[in-house]
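The values are calculated or read from the model by the stated rules, or taken from the named source; none is laboratory data. Since this is a predicted model, take the numbers as computed values, not measurements. Methodologically, a virtual Cβ is constructed for each residue, glycine included, from the backbone with ideal geometry; neighbour enumeration extends over all protein chains shown. Just the protein is used for accessible areas: all its heavy atoms, side chains included, with ligands, DNA and RNA removed. Shrake-Rupley method; radii C 1.70, N 1.55, O 1.52, S 1.80 Å.
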Amino acid sequence: MAEGERESSGPKKRGPYISSVTSRSVNLMIRGVVLFFIGVFLALVLNLLQIQRNVTLFPPDVIASIFSSAWWVPPCCGTASAVIGLLYPCIDRHLGEPHKFKREWSSVMRCVAVFVGINHASAKVDFDNNIQLSLTLAALSIGLWWTFDRSRSGFGLGVGIAFLATLVTQLLVYNGVYQYTSPDFLYVRSWLPCIFFAGGITMGNIGRQLAMYECKVIAEKSHQE
């Protein structure tokens, strides 16, 4: 009787299923937070490049952040980055095609560097016309996908993200939230979808790498239990 009471008084150990579900939900939240802040940081840096070149113009009454951009831009970019970064590994699992091409942090950091370089080119490099700039950025964006991704799901999601993000941007500019100088693609620049495509690939690679780290942690905990 004493032994039974002693056993029941101790802490109950969670089963492997409950432990796995709890760990995944916590890790999912952590990944989302990390992706959000990465997106906010990149938005501040890249938007600063665009404003210095006078590519985007915000009304004076909304220029309120530390980098002279509208306050809502970094949170929106952070939220989009979190959604994209969580969506890529989820789609990989759903399709049963785990992404294994260049899965290391050094490759991810090079991908981020190339993405920043593409944004820098859109703001700093002068071309004779917007068509040449758009074609150049399109080639660089597809080259980024081929160098760091090469998955059909990654390309498809990148195209979908570019389309939706460009559509939302068109609506924002149409409603006077902000504007682009010298628009040539309805209300925006024709190279903007290339930037969104490259950004989707970049955040997807970051999300995949974080997901792979999570899988390793869960596997190690399951093995210990």
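Things to note:
- Number of positions in the stretch 113-149 that are touching a residue at least 60 places away in the same chain (Cβ under 8 Å), closer than 17 Å to Ala162 by Cα and either β-branched (Val, Ile, Thr) or open to solvent by 70 Å² or more (accessible area, probe 1.4 Å) (or both): 2
- Among the residues listed as Ser222, Ser153, the single one being in a helix (DSSP H, G or I), under 29 Å from Ile30 (Cα atoms), polar (S, T, N, Q) and modelled with pLDDT under 85: Ser222
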